[in-house]
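Okay, structure first, notes after.
The values are calculated or read from the model by the stated rules, or taken from the named source; none is laboratory data. All figures in this text were calculated on a predicted structure; none of them were measured in a lab. Cβ atoms come from the backbone with ideal geometry, glycine included; neighbour counts cover every protein chain shown. The accessibility values were calculated without ligands, DNA or RNA, using every heavy atom of the protein model including side chains. Shrake-Rupley method; radii C 1.70, N 1.55, O 1.52, S 1.80 Å.
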Amino acid sequence: MPHQHPYRRRRTARLAAALAGLLAGALVVPASAAEPAEDEPELIANGDFSNGTTSWWWTAGSPAAVVDGRLCAEVPAGTANPWDAIIGQNALPLTAGEGYTLSYTATATTPVTIRANVQMATEPWTTELGAAQPVGPTAARVTHTFTAGADHTAAQLAFQVGGSPAAYTFCVDDVSLRGGTQPPPYEPDTGSPVRVNQVGYLPHGPKGGTVVSDAAGPLPWTLTDAGGTVRASGTTTPAGVDPTSRQHVHTFDFSAVTTAGEGYTVTVAGERSEPFAIGDGLYSSLVTDALAYFYHNRSGIEIDADIVGAAYARPAGHLNVSPNQGDNDVPCQPGVCDYRLDAAGGWYDAGDHGKYVVNGGISVAQLMSAYERTLTEQSADGAPFADGKLRLPEHGNRVPDILDEVRWEMDFLMRMQVPAGEPLAGMVHHKLHDKAWTGLPTPPHTDPQPRELHPPTTAATLNLAATAAQCARLFAPYDAAFAARCRTAALTAWHAAKAHPDVLADPDDGTGGGAYPDDDVRDEFYWAAAELFLTTGKDVYRQEVLTSPLHGKADAVFPRGGMSWGAVAGLGALDLATVPSKLTAKQRQAVRAMVTKAADGYAADSASTAYGLPYAPPDGHYVWGSNSQVANNMVVLATAHDLTGRSVYRDAVLRGMDYLLGRNPLNQSYVTGYGERDSHNQHHRFWAHQLDPSLPNPAPGSLAGGPNDAIQDPVAQAKLKGCAPAMCYLDDIESWSTNEITINWNAPLAWVAAYVDGLGGGAAARTP
Ligand code: 9MR
């Protein structure tokens, strides 16, 4: 094609589109011709399906999936109306009087006439475009144009593909809706360019900050105390362009200052940071608050005003009290099983009311490991976790409070196990959640949706094997009967997983709850074998560990981007490295070498980035829940510090804490109630103050998911397109892909808060 000036190209496309509008409203041309102008705003997210089915929905009777890069729906025979089977996308903003061009490539295995509608997403379904379009087996590019008659904040594209007497497969690709005026680009309010940990620094820990500045040469900085006295000064180090934010930055370091105090600020070139403290004891409340998150989000129990305060109190959720339908007598999804389970209790996963074994597993494991560390690591203090110390109701039972919280979840996880005598006995249901998504706000006790058990999976079964094994050894001194119950559940689960090693979760099972799919369970086997070995001492489990394809491979056990609910081998390795066992000295050393090798990588990442964070994911992409990846890397670094005493690991943990609490490209503290610019509108159905002022904000100590450059929710799509990875975040309750809160993010936060709190002033020498 000859080179064309963009403006001419745009005119050509417009003319073609206008002509199309004059003729039957549609133009069918071979792919790649008559495209709309590329400089007009694109409203469709993930139109080429390179990000799977993200941003798309379909009606339940016509299941869709991405096949060979196209979205294909199986349309059943004999539906009555076009709208009985739909593939669609919501949240499309349209402006009255503006012109739009819809284009797509489609096929149908049987010739049919579909309708391509751009319309309101609710009553009265006003259509701005309603185009009948023949589609057949040959792929054809279709273009429709229209002018919006009204303003819409969130219109909908709906391919209505129902009404065919015969069943067929409809596939669509390269969907584009361009037009309207470019909204003004979203500019985050990042406050002062001088970025610090807004809570504070340990007297003898590293004290670094970052300043956004175009200045090529060093700039003077001063540290001022609360009374306005300059306590230290120096010059910044220019650090070029930070790739995570595309900001031009300098760093500064005031580690030499060790005098405790509050209200310090750093000023660079006339710009002043948020205030912060220097001191030990700065993190003790974070330990308690991060752990209180779990009581707040318990299912099946009243949340007591005497414990959490009136604003956060609420009735018990999901005990079959109307309008709730569950969880103490829950059926399976149709066709999955014919028994019902009492699966009350446990923690709600996140902003939704789902309860997912594969996410409960890592969360409860990290609480158990925070506690177990106080048994195995000399410098770790169990006092903050002791009976009477946390905000929960089980005070005075002589069991450490953190184990009381653990038990609330362990009881639920064990209830998810398939009973003896049933098909797949001993396996564990992947999850239990609402049949359909509820809106926000919906406090738990007002959720009217039916609850359903989803099929058992190998991953969920191994999550129970691992956590119940750890439960057995930790509860043994406190409640022998409960410990024995955990042990039996773990062994039963292990044997069931060995018998059914590849029963995977359906990645498309995401209606009413998250899918949590995982197509590789080698790491779950590794983790479960490690925990069973540590608890039973049996050689069979040791051999499972030693012969695992992951064993000895630090980068497989500890992925570069961090451990997560879908990458759990590291949980086993950390425990093998720290919990006394029958491993030979050489075997233990090999495990410890994996921990320190991974920690070396995270520490190097932290040392080399201008914001100091120990998270450098592959390809630079920040994932959903990136803050938890940071926290999980901090867990590995802290364990390496415990094992070796090397301060390089401790420093990287502390810099990770700096990042989470404000030393970052958005000048954002991601923990509610901590720092001057804290996240407080996270996505949650009860803590929905942003939508209903009578409801509370998230409780203090709630960690936001954080930047996610995959742009996976409508608010992010409207505001964040093109964002630099570490800037892809909105403190908005509707931005669930950047700003949700969940148990598996608060669990590593609690772990690292306890570690940092235990450092005291930070200077204590460590003997490994
Ligand atoms: O944390 C999960 C993240 O790793 C996935 O990318 C994402 C999309 O599948 O789902 C996240 O988990 C959510 C779950 O599906 C439903 N409850 C809320 C969870 C946190 O956002």
Q. If the cut-off is a Cα-Cα distance under 19 Å, which lysines reach residue 431, setting aside same-chain residues fewer than 8 apart in sequence?
A. 355
Q: For the range 62-208, just list the percent of Cα-Cα distances falling in each 5 Å bin from zero outward, please.
A: 2, 8, 16, 17, 14, 10, 7, 4, 4, 4, 5, 4, 3, 1, 0, 0
Q: Using only alpha carbon positions, build the gyration tensor of the range 268-411, then give the equivalent ellipsoid semi-axes as the square roots of 5 times its eigenvalues, largest first, whole angstrom.
A: 34, 20, 17
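Can you give the translational diffusion coefficient of the range 398-472 in µm²/s, computed by Stokes-Einstein from the Kirkwood radius over Cα pairs at 37 °C and 0.692 mPa s?
Rounded to a whole number, D works out at 231 µm²/s.
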Q. Under a 1.4 Å probe, what is the accessible area of the range 80-219 per residue, stated in Å²?
A. 38
Q | Point-charge dipole on Cβ atoms (K/R +1, D/E -1) for the chain, about Cα centre, debye to 20 | A | 1420
Q | DSSP bridge orientation in the chain - percent antiparallel, rounded to nearest 5 | A | 95
Q. Along the positive direction of the dipole of the range 607-738 (beta-carbon charges: Lys, Arg +1; Asp, Glu -1; about the Cα centre), which of 631, 701, 683 reaches farthest?
A. 631
**Q.** Selection from 390, 545, 66 lying farthest towards where the dipole of the chain points positive, charges on Cβ
**A.** 545
(Q) Quick check of the Kirkwood formula: for the range 410-547, what is the inverse mean of 1/r over all pairs of different Cα atoms, in Å? (A) 15.8
Q.
If I take every Cα pair under 8 Å that is 6 or more residues apart in the chain, average their sequence separation and divide by the length, what percent do I get for the relative contact order?
A. 12
Q) Carbon and sulfur: what percent of the chain's accessible surface (1.4 Å probe)? A) 54
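Consider all pairwise Cα distances in the range 501-649 and report the whole-number % of them above 21 Å.
47
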Q | Prolate/oblate/rounded label for the range 463-540 (Cα gyration tensor, a/c 1.5) | A | prolate
Q: Answer with one residue from 370, 87, 557: the one whose Cα lies farthest towards the positive end of the charge dipole of the chain, charges on Cβ with Lys, Arg +1 and Asp, Glu -1.
A: 557
(Q) Give me Rg/Rg_expected for the range 621-728, where Rg uses Cα atoms only and Rg_expected = 2.2 N^0.38 Å with N residues. (A) 1.20
Q. Expressed as an acute angle from 0 to 90° and rounded to the nearest 10, what is the orientation of the C-alpha long axis of helix 357-376 relative to the principal long axis of the chain?
A. 20
(Q) If you count only protein heavy atoms with a 1.4 Å probe, what accessible area per residue comes out for the range 284-758, rounded to a whole Å²? (A) 31
Q | the range 250-291 and the range 215-237: distance between their alpha carbon centers, rounded to Å | A | 14
**Q.** Cα-centred dipole magnitude for the range 188-304, charges only on beta-carbon of K, R (+1) and D, E (-1), debye, nearest 20
**A.** 300
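Would you please classify the overall shape of the range 293-339 from the alpha carbon gyration tensor, given that a ≥ b ≥ c denote the square roots of the eigenvalues, rounded means a/c under 1.5, and beyond that prolate means a/b larger than b/c while oblate covers the rest?
Because a/c hits 1.5 or more and a/b exceeds b/c, the range 293-339 counts as prolate.
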Q. Taking a quarter of the surface of the Cα convex hull of the chain, what do you get in nm²?
A. 35.2
